[in-house]
Amino acid sequence: MDQNMTLEKRIAAELYSYQGRMSVFVDDLRGSTVEIGADEEFETASTIKAFILAVLYLQASRGRADLEEEITYEASQFVDGSGMLRALGVGAKLKVKDTATMMIICSDNIATNMIIDYLGLDTINACIRELGFGRTVLHNPLHFDRYDKLGTTTPRDYAALFAQVAKGALVSKEASAAMLGIFRQHYNTMLTHDFPQFYLDCEETGEPELIWVASKSGSMNACRNDGGIIHTPYGEYVIVLMNKEFHDIIEYNDHPAMVYGARVSRMILDQILACEGKLYLK
């Protein structure tokens, strides 16, 4: 019997009592990965918004979108759920870049529909494929009363998006830097919930910002997902956690998917710090 306590075995042990299915993809950006169900398809929920952002910057780089152009919130774009645009009301005008920023940092669903209409659903899917995310599809705009599915992706595709951002290779170095700035404003709970708070509260402690996160999460009845870039003093790594087949569809901070996801994320952080930026000592 193999007695070697690999990282994959330790993750499996952590998830032994989890009544759900979690897939994991971690890339230390130095040639090593952890892959558990990395090619399984998942409902994207709001993680599709990260792909839409990438398409927007791709089209802007080609002159087919203008980040400074004003677009108008129309009644047809209304949808319940997360966001702030509902408070502004139909007829509100925002710059494309500001709309896309709201799509990410507060996961605004109306802002997302505005950007989908601005770019076009078919164009979005064509550009997602062109960018190399062959298992990711935006099926519909956000209208939960009309459509059961929003999008599908895999942990591998989602990790690849953030790996390209981290390397400055998603669309361009400048576009990657701009998107990184937007992702850094996004609040999440799964990836950082179990991190030592000392590292995350440099404004309170006065210490240097040793760890920061650039991410986008997503939750629907069918899934609880999170993924992004974790910056450490040794460099960055990418982590994606996607969950499905759990029994409790209600969304709350202590949902089992969030609890177990946070444990796995902390395990990866500890491994990276112990190995000084790498997944494995070599």
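Each reported figure results from applying straightforward, stated rules to the coordinates on display, with no laboratory input. All figures in this text were calculated on a predicted structure; none of them were measured in a lab. Heads up, the Cβs are rebuilt from the backbone with ideal geometry, glycines too, and the neighbour counts pull from every protein chain shown.
Its alpha carbons give the range 1-158 an Rg and a Dmax of 18.6, 66 Å.
Where a ≥ b ≥ c are the square roots of the eigenvalues of the C-alpha gyration tensor, would you call the range 15-62 rounded, which needs a/c under 1.5, or, failing that, prolate if a/b is larger than b/c, or oblate? The partial results should precede the final answer.
On the way: a/c = 3.84, a/b = 1.67, b/c = 2.30.
Verdict is oblate for the range 15-62.
Once the piece of chain linking ASN253 and THR152 is laid out straight, how much longer is it, given 0.36 nm per residue of separation minus the C-alpha distance between them? Intermediate results must be reported in sequence, preceding the final value.
On the way: separation 101, 0.36 × 101 = 36.36 nm, distance 2.34 nm.
Full-extension gain reported as 34.0 nm.
Please state the charge dipole magnitude for the chain, taken about the Cα centre, from unit charges on C-beta atoms (+1 on K and R, -1 on D and E), reported in debye and rounded to the nearest 20. Intermediate results must be reported in sequence, preceding the final value.
Details: 26 positive and 39 negative charges, 114 e Å.
For this selection, approximately 540 debye.
In summary, the lysines within cross-link reach of LYS9, defined as a Cα separation below 18 angstrom excluding same-chain residues under 8 places away, comprise LYS278. With θ taken as phi - 60° and the Karplus curve 6.51 cos²θ - 1.76 cosθ + 1.60 applied, the whole-hertz 3J(HN,Hα) list for the range 82-96 is 5, x, 10, 5, 4, 6, 7, x, 4, x, 4, 10, 9, 5, 4 Hz, x standing for glycine and proline.
With Cα atoms as the point set, the range 145-279 shows a radius of gyration and Dmax of 15.5, 49 Å. Which one, TYR199, LEU15, ASN4, is farthest towards the positive end of the dipole of the chain when Lys and Arg carry +1 and Asp and Glu -1 on their Cβ? The residue sitting most towards the positive pole is ASN4. With Rh defined as the Kirkwood radius, the inverse of the mean 1/r over Cα pairs, the Rg/Rh of the chain is 0.96.
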